[in-house]
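Following: one structure in structure tokens, then a few remarks.
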Amino acid sequence: MKTILVIDDDVHIGNLLEEALSREGYGVMRAYSGTEAVLLLSRSVPDLVLLDLMLPGLSGEEVLPKLQGIPTIVVSAKADVEDKVALLLGGAADYVTKPFQLRELLARVAVRLRDGAAEPSVLRCGDLSLDPDARTVEAAGSPVRLTRTEFAILKMLMTNRAQVVTKSQLLDRISSDTPDCTESSLKTHMSHLRSKLRATGGKEYIEAVWGIGFRLSENLN
């Protein structure tokens, strides 16, 4: 089931979207402020985000950079062309102006989820690259031999490069591809992955965020 995060402080609109999305078979998460959205994203990664701009706490414009790797449709009353252009260039996948036609918004959601199903040919972060089709990894121009589980972990981190990926998210997202990765073995798989990347590229590519999870090193960008 695809999960959609609705970030909107308007309870009526949020309820309308949740009801409509649920009827279409999507799972729905809710956040009523930008600050709450960021906290929620640290715990769970949705497949798509519907983002209002005028939010309490962090604004939608401040939340958007934290949504890299997640298709985001801005749903806002701001209708100025310059606002739309800036947000689309800033990472938004689409922009819908309030008031909106529900059928049109649902169609845009379906299109973005369909388009997002096609993975990029190669994922890159600094001198680290991963080819999902060839199942190859390179660090500093040299190949890195990874196990199936190590490859799946690195792919998850690179797909969500701007975020901390929690241990539970890793286990949940890679479980279908890597049944040998369990809560007790994740630490060992991660240790081997970090060691192989360090030995090849000569630096730390993955940071452990104590008590939460892991992320790609910010120094790679």
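Worth a mention:
- Filter result for the condition that a residue is in contact (Cβ under 8 Å) with a residue 24 or more places away in the chain, surrounded by 15 or more Cβ atoms within 10 Å (Cβ to Cβ), in contact with a Lys or Arg (Cβ under 8 Å, 6 or more places away or on another chain) and closer than 18 Å to GLY69 by Cβ, over VAL165, VAL144: VAL165
- Positions within the range 21-67 being β-branched (Val, Ile, Thr) and closer than 18 Å to ARG112 by Cβ, in sequence order: VAL28, VAL45, VAL49, VAL63
Table: residues versus (1) within 26 Å of PHE214 (Cβ to Cβ); (2) assigned by TED's automatic domain parsing to the domain that holds LYS167; (3) among the small types (Gly, Ala, Ser).
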position	(1), (2), (3)
MET29	yes, no, no
VAL45	yes, no, no
VAL74	no, no, no
ALA79	no, no, yes
ALA92	no, no, yes
LYS98	no, no, no
ARG103	no, no, no
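- Of the residues examined, GLU82 is not one that is among the charged types (D, E, K, R), touching a strand residue (DSSP E or B) at 6+ places or on another chain (Cβ under 8 Å) and exposed (fewer than 12 other Cβ atoms within 10 Å of the Cβ).
- Positions within the range 1-43 being more than 23 Å from VAL111 (Cβ to Cβ), surrounded by fewer than 14 Cβ atoms within 10 Å (Cβ to Cβ) and either among the small types (Gly, Ala, Ser) or modelled with pLDDT under 95 (or both), in sequence order: LEU39, ARG43
- ALA86 outside the structural domain of THR166 (by TED's automatic domain parsing) and under 30 Å from LEU171 (Cα atoms): no
- Unique match (being surrounded by fewer than 13 Cβ atoms within 10 Å (Cβ to Cβ), out of contact with any Cys (no Cβ under 6 Å at 6 or more places or on another chain) and over 22 Å from MET54 (Cα atoms)) among ASP127, ASP115, ASP131: ASP115
- When TYR205 is tested against (1) surrounded by 13 or more Cβ atoms within 10 Å (Cβ to Cβ); (2) out of contact with any Gly (no Cβ under 9 Å at 6 or more places or on another chain); (3) modelled with pLDDT of 90 or more, just one condition goes unmet, and that condition is (2).
- Test result for ILE174, under 20 Å from ARG135 (Cα atoms) and modelled with pLDDT of 80 or more: no
The values are calculated or read from the model by the stated rules, or taken from the named source; none is laboratory data. No experiment lies behind these values; they were computed from the predicted model shown. We place every Cβ from the backbone using ideal geometry, glycine too, and count neighbours over all the protein chains shown.
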